[in-house]
Number of protein chains: 2
Amino acid sequence: MQLSKLGEFRLIKGLEKFCETTSRKDVILGIGDDAAAIKTSKGIILITSDTLIEGVHFDLSFTTSYQLGYKILAVNISDIFAMGGKPKYFILNLAIPRTSDTKCVREIYRGIKKLANKFDIAIIGGDTSASKDKLLLSGTLIGETKKIITRAGARPGDGIFVTGTLGDSAMGLRILKKIGKKINFEGQGMKIKGSPLPLTPYTLSLIKQHLMPEPRPLKDISGVTSMIDISDGLLMDLSHICEKSRVGAIIYKDKIPLSKELINAARDLNIDPFRFAFKGGEDYVLLFTASSGVKINAFRIGEIIEQGCFIVDAKGKKTPFKAEGYEHFRRKF
Amino acid sequence: MQLSKLGEFRLIKGLEKFCETTSRKDVILGIGDDAAAIKTSKGIILITSDTLIEGVHFDLSFTTSYQLGYKILAVNISDIFAMGGKPKYFILNLAIPRTSDTKCVREIYRGIKKLANKFDIAIIGGDTSASKDKLLLSGTLIGETKKIITRAGARPGDGIFVTGTLGDSAMGLRILKKIGKKINFEGQGMKIKGSPLPLTPYTLSLIKQHLMPEPRPLKDISGVTSMIDISDGLLMDLSHICEKSRVGAIIYKDKIPLSKELINAARDLNIDPFRFAFKGGEDYVLLFTASSGVKINAFRIGEIIEQGCFIVDAKGKKTPFKAEGYEHFRRKF
């Protein structure tokens, strides 16, 4: 069967079964969550890995090498935060076209280091090889934690929360594609010829959210029952929690946090901002569930139910939703 | 400057400096050895990463998916063995063309599992994404050890050793390229039309050495002062040891272990087998130095001297050698 027919998540499910690690007591979590978890005598080691491929995940006509370096670390940090962990060590595998300039590599590392310094992450190694014609970054991040939060602990009655506004990154990408040029976030207010939108602080903010997302940990994880980071879109990632926890979910549309920047841009482009918030993806904010009654500093957008997944709008109209968002091998968004 | 001018190893040296980790007491070894090493309360954790890219490291017209899976783990195991460690956990990042068959992914994992089972390695996770048109495998392997052997401990007077014959893999690749077809090692003795060499047990053995190298650890590392695995070729990898240890080396040409398969194939093709043994690369045998007097079960090919790198032939003629072998961004072999 072609991969495009099977889809990414059914493929992963098959591999999960094939690589089953239940016989290994040191492996707490194998394939199928944001990170793998290994038990050591002192605590838990988390390992996560993510790849960015030119032409698939980024376009060099509107992404700088510095931004790429920053982002490959950011998306990996987001996975460690999604497990309740602290990021510690980063390894980069780089495949670079032979004709590239060395400045490209230095800029990638400068971007990584910017974020690494912020979270006290050591860049400890990697592999550098020549690629045929495309740039490729594959990052592996190792973290630590005392206790892991998986996708599998949500229970009916739990609240559903997100740690930030949704849809900004996807809208930022939309705008960036229209502009089609690199932006280094130093030219606020300037106009780029042929751009449908001026580079105002609000469009810049959305673009920055896409190119250089800033992962933030959930400081207090007591009472948190399940967690994931939103990389494939709210509906898709919430479906992952529901599936692993064997529960359903209700989301209240008017509780979804939208930034004023997204609302402005959606109005200017005459698009429904919720399309971006529900299915846009690459938000890199945390989506989690917590026992009812626990005081949490995040946006409460719904609650876990026994079964079925629904969006309820401001008028109380209930619509079922499916796991939709970004899936490799298929293109839904 | 173009990468092709700077070369891989000067690039890595620059990154080593940029990512300096001396301020972190938990990082024993950062960029610049076969694996990175982190200190924990119980021992040392080793982390290594390697990438195989279609069109650069392999050609799907004569490599099966099963062989690719096997090899991506094998090359990573070799790096852990080169540090004196035991491989434990494997993570695979896969980028696959959207039009690929799911069988390709299953076969890759089957190849990984074949070798993982042998060394009791758990496959704990990874990332799967769609690539534009090329297949790409990036593997990260985590290992454990009580004591690490780096590239930096060789001292004048130490013997230089290798754990297996050299040049087989490079010759295997040469033959495979001429045959230009997939070989699953089940058709011994058969002829492939248009092949310059029949598929005899000896050509098959060389080809297998290239497609499915079998990493072997050095069982007793007492007395070993430095170690590396031969992936870029003997001369290149020995130069890495000399540089890191700030020493020189003498190699005795008639002590280099050559397989009868390589000698036969080189005679049939009318090529000097030492070209393959010295610069071929991808041998994935261990190259190490050990204090004089230590009893070692490996081939002694030379000794460490104060400075300068030389090959001495059977007649006693001494020729200096440079760090030559496979280097990404340049093509020397």
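Scan region B:206-242 residue by residue and report those that are in a loop (DSSP other than H, G, I, E, B), acidic (Asp, Glu) and under 25 Å from residue B:311 (Cα atoms).
Once the filter is applied, which keeps residues that are in a loop (DSSP other than H, G, I, E, B), acidic (Asp, Glu) and under 25 Å from residue B:311 (Cα atoms), region B:206-242 yields only B:232.
Residues to consider are B:103, B:132, B:86; find the one that is open to solvent by 10 Å² or more (accessible area, probe 1.4 Å) and closer than 27 Å to residue A:46 by Cβ.
From the options B:103, B:132, B:86, the qualifying one is B:86.
For region A:91-99, indicate whether the set of residues that are touching a Leu at 6+ places or on another chain (Cβ under 8 Å), open to solvent by 50 Å² or more (accessible area, probe 1.4 Å) and under 30 Å from residue B:58 (Cβ atoms) is non-empty.
Yes.
What is the residue count in region B:292-324 for residues that are within 15 Å of residue B:274 (Cβ to Cβ) and of a type outside the set (Gly, Ala, Ser)?
Selection size over region B:292-324: 11.
Determine whether region A:146-166 contains at least one residue that is small (Gly, Ala, Ser) and farther than 29 Å from residue A:37 by Cβ.
no
Among the candidates B:53, B:47, B:31, which residue alone is surrounded by 20 or more Cβ atoms within 10 Å (Cβ to Cβ) and either closer than 21 Å to residue B:124 by Cβ or more than 13 Å from chain A (Cβ to nearest Cβ) (or both)?
B:47
Report those strands (runs of 3 or more DSSP E) wholly inside region B:263-326 carrying at least 3 residues which are under 28 Å from residue B:221 (Cα atoms), open to solvent by less than 20 Å² (accessible area, probe 1.4 Å) and not polar (S, T, N, Q).
Per the criteria, B:286-290, B:299-305.
Which one is nearest to residue B:108 (Cα to Cα), of the residues in region B:59-79 that are among the hydrophobic types (A, V, I, L, M, F, W, C) and assigned to a helix (DSSP H, G or I)?
So the residue we want is B:68.
Of everything in region A:240-262 that's open to solvent by 30 Å² or more (accessible area, probe 1.4 Å) and within 20 Å of the chain's Cα centre (by Cα), which residue is nearest to residue A:153 (Cα to Cα)?
Within region A:240-262, the match that is nearest to residue A:153 (Cα to Cα) is A:244.
The values are calculated or read from the model by the stated rules, or taken from the named source; none is laboratory data. Owing to the predicted nature of the structure, the values given are computational and were not obtained by experimental measurement. Cβ: placed from backbone, ideal geometry, glycine included. Neighbour counts: every protein chain shown. The protein model used for the area step is the full one, side chains on, heavy atoms only, and it has no ligands, DNA or RNA in it. Shrake-Rupley method; radii C 1.70, N 1.55, O 1.52, S 1.80 Å.
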